[in-house]
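So the structure is just underneath, and the comments pick up after that.
Any read-out appearing in this document is the output of simple, stated calculations on the displayed coordinates, not a laboratory observation. What you see is a predicted model; the values in this text were computed from it and never measured. Because the Cβ atoms are built from the backbone with ideal geometry, glycine has one as well, and the counts that use them run over all protein chains shown.
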Amino acid sequence: MAYFPTSSNRSISSSQNITVQFAGQPWQITLKSHCSDEVVAALSVERGLGVFSDHNPTLERERLRQVAERPDGNVCLAYTDEGFIVGYVACYLPEPDNRWGQSHLPELYELGAVEVSRNWRGLKLGKQLVAFAATDPAWSELIVISQEFSWHWDLRNSGLEVSVYRERLREVMAAGGFELFETTEPNIAFFPHNFFMARIGSQVSPESRQRFFDLLVADPQTDDFFDNHGF
């Protein structure tokens, strides 16, 4: 079991798992949320996974394990019956070096990474992972953001043009209820292929929604936004 750390009274979210089968295939995939660091350590990483670790299975497993052991971390895994991780979603609190982490908006949470092994693409597994992560009851109280940076995309091995890859990724995130939002965040606004998405939970208050909308268009360089708006 794991806490959603965005407020002191946030309910505990339990690990859940489902089995996914594919038409005409003899194998199946297990999707498991809120994986503990022990669960991650007990599995192996399929070699097609690891954009952020140069496809080193040992480094990739350690990276996922470190996220899983964080109090704010939620690692959702897709793995085979043989114990190989073939995809994941990693969520945590926004990092403190950007506006999202500095806002002190208690409902903010971040889906920081989603990846499917090169050897398991084309099965819509990414969509299923994001949709599965979004079934967590705690997400109804959260604003879950996702910043999509083109320099993280596996363009070379996908064989896709950057605009096509962008649209495919948008569709993956939309499967979990994420929507596009415009923002003045420089890493989004100044790079034409980058984009920002968020999923606003049904139980988020109107006041928190408005604070989030204000945060999207904040210009902390000129208007002391965080001081003047209570962030």
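Numbers for the structure displayed
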| quantity | calculated |
| --- | --- |
| Label point distance in nm, Ala41-Glu182, each placed 7 Å from Cα along Cα→Cβ | 4.9 nm |
| Summed side-chain charge close to Ile29 - residues other than Ile29 whose Cβ falls under 15 Å, Lys, Arg +1, Asp, Glu -1 | 0 |
| Highest to lowest packing among 19-32, 204-217, 115-128, scored as the average C-beta count within 10 Å | 115-128, 204-217, 19-32 |
| Environment charge at Asn98 (Cβ cut-off 11 Å; Lys +1, Arg +1, Asp -1, Glu -1) | -3 |
| Karplus (6.51, -1.76, 1.60) ³J(HN,Hα), θ = phi - 60°, over region 81-96, in Hz, Gly and Pro reported as x | 4, 7, x, 9, 6, 10, x, 7, 10, 10, 10, 5, 5, x, 5, x |
| Sum of side-chain charges, Leu180 neighbourhood, beta-carbon under 13 Å (Lys, Arg +1; Asp, Glu -1) | -2 |
| ³J(HN,Hα) computed for each position of region 99-112 - Karplus, 6.51 cos²θ - 1.76 cosθ + 1.60, integer Hz, glycine/proline x | 4, 5, x, 8, 6, 6, 7, x, 7, 6, 9, 10, 8, x |
| Among (i) 47; (ii) 30; (iii) 24, the entry that matches percent of Cα pairs over 30 Å apart as calculated here | (iii) |
| Region 50-91: radius of gyration and largest Cα-Cα distance (Dmax), Å | 10.3, 29 |
| Distance from region 163-211 to region 31-99 (C-alpha centre basis), Å | 22 Å |
| Segment Gln16-Thr135, extension gain: residue separation times 0.36 nm, minus the distance between their alpha carbons | 41.9 nm |
